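Report on one structure; see the data block that follows.
The values are calculated or read from the model by the stated rules, or taken from the named source; none is laboratory data. Note that the structure is predicted; figures quoted are calculated from it, not measured. We place every Cβ from the backbone using ideal geometry, glycine too, and count neighbours over all the protein chains shown. Only protein heavy atoms, including side chains, enter the accessible area calculation; ligands, DNA and RNA are left aside. Shrake-Rupley method; radii C 1.70, N 1.55, O 1.52, S 1.80 Å.
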Amino acid sequence: MNIIVADDHSLIRKGLKLLLKNEPYMNVIAEAPSAEAALEKLKSEKIDLMILDISMPGMGGLKCIELAKKISPALKIIILSMHEDENYIKSAMQLGANGYVPKASADSELIDAIKTVSQGLFYLGKSAEQSLLGSLFAPKSESGKGPFDKLSPREYEVFQYLIHGFTITEIAQKLSISVKTVDTHKTKILEKLACKKRSDLVSLAISHGLLT
């Protein structure tokens, strides 16, 4: 199995290569410091599996999943991330990721994740699994869903950038979409979450533990 490691931290890439070095049939043939570089590698190399950090400078990890699957539909993708929020996990899996492993447990879970997804199955790290189960069995609001379940994967990605202070132009650049499209997403996000302005989104995010 030919593997690419995409992470903007060189120490992480080197550590993952060392972790997989002695595993039979797991060959790290490429690495990339950004999503854009990873996509270029997919066009020129025969790659079976991508280990992808969801938060890198430039293009967002969620957008990378979407484009990577268009370049190579059979590609397996394992997200390796510091984010364990259930909305991140659900968005990544809905866009085509095959596995989700928190960085904190990569040394103990990544090899099992690779073996699992290579068999055509899905893999969730233990803490990611608990996050989703907690969301699934949490008491329902009057609408029957948490507020962020109303957002599409792309809207949730834009929402994350908005609450972290990125401008509309910056979000457009990071997601490789037009400013007008971002503005449309923002309008829909405000409507779906019953908010009037960005500060309301930030307050909502804080109240649900998305910002500390």
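A few remarks follow.
- Residues of region 44-95 satisfying the condition of being within 20 Å of Ile12 (Cα to Cα), assigned to a loop (DSSP other than H, G, I, E, B) and among the aliphatic types (A, V, I, L, M): Ile47, Ile54, Met56, Met59, Met82
- Selected residue (only one of Thr169, Thr187 is within 23 Å of Gln94 (Cβ to Cβ), among the polar types (S, T, N, Q) and modelled with pLDDT of 90 or more): Thr187
- Residues satisfying the stated conditions in region 171-196, i.e. within 22 Å of Ile54 (Cα to Cα) and open to solvent by 80 Å² or more (accessible area, probe 1.4 Å): Gln173
- Per the conditions (1) open to solvent by 30 Å² or more (accessible area, probe 1.4 Å); (2) in contact with a helix residue (DSSP H, G or I) (Cβ under 7 Å, 6 or more places away or on another chain); (3) of a type in the set (A, V, I, L, M, F, W, C); (4) touching a residue at least 60 places away in the same chain (Cβ under 8 Å), the sole criterion not satisfied by Ile71 is (4).
- Some residue of region 31-43 being part of a strand (DSSP E or B) and buried (at least 19 other Cβ atoms within 10 Å of the Cβ): yes
- Filtered residues of region 18-30 (kept if among the charged types (D, E, K, R) and surrounded by 14 or more Cβ atoms within 10 Å (Cβ to Cβ)): Glu23
- Residue within region 1-8 that is within 20 Å of Ile171 (Cα to Cα), of a type outside the set (Lys, Arg) and surrounded by fewer than 23 Cβ atoms within 10 Å (Cβ to Cβ) present: yes
- Each residue in region 11-30 was checked for being outside any helix (DSSP H, G or I) and of a type in the set (A, V, I, L, M), and 4 of them qualify.
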